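Peer 1: Got a structure for you, written out below as structure tokens; questions coming shortly.
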Amino acid sequence: DAKTTQPPSMVCAEGRAANLPCNHSTISGNEYVYWYRQIHSQGPQYIIHGLKNNETNEMASLIITEDRKSSTLILPHATLRDTAVYYCIVRVSYGNKLVFGAGTILRVKS
Amino acid sequence: DGGITQSPKYLFRKEGQNVTLSCEQNLNHDAMYWYRQDPGQGLRLIYYSQIVNDFQKGDIAEGYSVSREKKESFPLTVTSAQKNPTAFYLCASSIRPQPQHFGDGTRLSIL
């Protein structure tokens, strides 16, 4: 699975969009980009995933660059409950494991 | 409601004891996984099982054992051979082609 690079921490104002970047320059053609988040002392929560097209669901949007070497997770209207560690993971569609790095700590402030 | 249930939420072990962590799912998922998380770090895979009566070692299987006698259940035993068992343990399950979904974890501490 390709390696990902994320900033260690970010701050976002409540009600504003939170844009979380992820670099995955060694991604292969059959690898998807997955995003999970983990609120303190809970299990990771699946957010969204995509291959090459932009994706949107009720939680977030995922923007993948045309060369697929980076992506951005967008939380359109961040709330205090969105404060969590966000993990960007790259893997084949049904890999045997998820390789979690250190992720990005997102703090949403009022 | 469908989901993954891990129990207990907190577990204490004396040195030299084996302990078993429970993971049950009612999602009818084929695959189940056990991960370990240490403070400030990401998750590392211990064991996984793609079908009943079959399982494979992950990256850090030493000192752990599992069984998969039923589709719904994937218990993890932390044996006395695991020298540093204090951690947050997470169970996950999935069914092709959906992503993995996680339980809320068991926090294991050594007395």
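Peer 1: With only alpha-carbon atoms counted, please give the Rg and Dmax of chain B, in Å.
Peer 2: 13.1, 41
Peer 1: Let me ask another. Residues with amide H under 5 Å of B:Gly58's amide H, sequence separation 5 or more or different chain, H placed in the peptide plane at 1.01 Å from N; which?
Peer 2: It is B:Tyr47, B:Tyr48, by chain and number.
Peer 1: Something else: Quick one: compute the contact order of chain B, relative version, from alpha carbon pairs under 8 angstrom and 6+ residues apart, as a percent.
Peer 2: Values: 282 pairs, mean separation 38.7, N = 111.
It comes to 35 percent, rounded to a whole number.
Peer 1: Could you work out the mean projected area of the convex hull around the alpha carbons of the protein assembly as shown, in square nanometres to one decimal? Please list the in-between numbers first.
Peer 2: On the way: hull surface 49.3 nm².
The Cα convex hull of the protein assembly as shown, projected and averaged over all directions, gives 12.3 nm².
Peer 1: May I pose another question? What is the distance, in nm, between label points placed 7 Å from the Cα along the Cα-to-Cβ direction at A:His77 and at A:Thr26?
Peer 2: 4.1 nm
Peer 1: Other chains' Cβ within 10 Å of B:94-104 residues: what's the mean?
Peer 2: Numbers: counts 3, 1, 2, 3, 3, 13, 10, 5, 8, 2, 3.
For this peptide, the per-residue mean of nearby foreign Cβ atoms is 5.
Peer 1: Whole-Hz ³J(HN,Hα) for each residue in region A:4-20, computed from phi via Karplus 6.51 cos²θ - 1.76 cosθ + 1.60 with θ = phi - 60°, x for glycine and proline: what do you get?
Peer 2: With coefficients 6.51, -1.76 and 1.60, one gets 10, 10, 10, x, x, 7, 8, 10, 9, 7, 4, x, 8, 6, 9, 10, 9 Hz.
Peer 1: If you place +1 on the Cβ of every Lys and Arg and -1 on the Cβ of every Asp and Glu, how big does the dipole about the Cα centre of region B:1-110 come out, in debye to the nearest 20?
Peer 2: On the way: 12 positive and 11 negative charges, 45 e Å.
Result for region B:1-110 is approximately 220 debye, rounded to the nearest 20.
Peer 1: For chain A, what mean projected area does the convex hull of the alpha carbons give, in nm²?
Peer 2: Working: hull surface 25.6 nm².
Its Cα hull, projected and averaged over all orientations, spans 6.4 nm².
Peer 1: Right, next: Would you please put A:55-67, B:84-96 in order of how densely packed they are, using the mean number of other Cβ atoms within 10 angstrom per residue and starting with the highest? Numbers along the way, then the final one.
Peer 2: Details: A:55-67: 14.0, B:84-96: 19.9.
The peptides rank, most packed first, as B:84-96, A:55-67.
Peer 1: Would you list B:Ser65, A:Ser9 from fewest to most Cβ contacts within 10 Å? Display every interim value, and only then the final one.
Peer 2: Numbers: B:Ser65 17, A:Ser9 11.
So the residues, fewest neighbours to most, are A:Ser9, B:Ser65.
Peer 1: In chain A, what cysteines have no partner Cβ closer than 4.7 Å?
Peer 2: Flagged as lacking a Cys partner: A:Cys12.
A short reminder: the numbers here are calculations on the coordinates, not readings from a lab. Because the structure is predicted, anything quoted here is derived from the model rather than measured. Here Cβ is always computed from backbone atoms with ideal geometry, including for glycine, and neighbour counts include all displayed protein chains.
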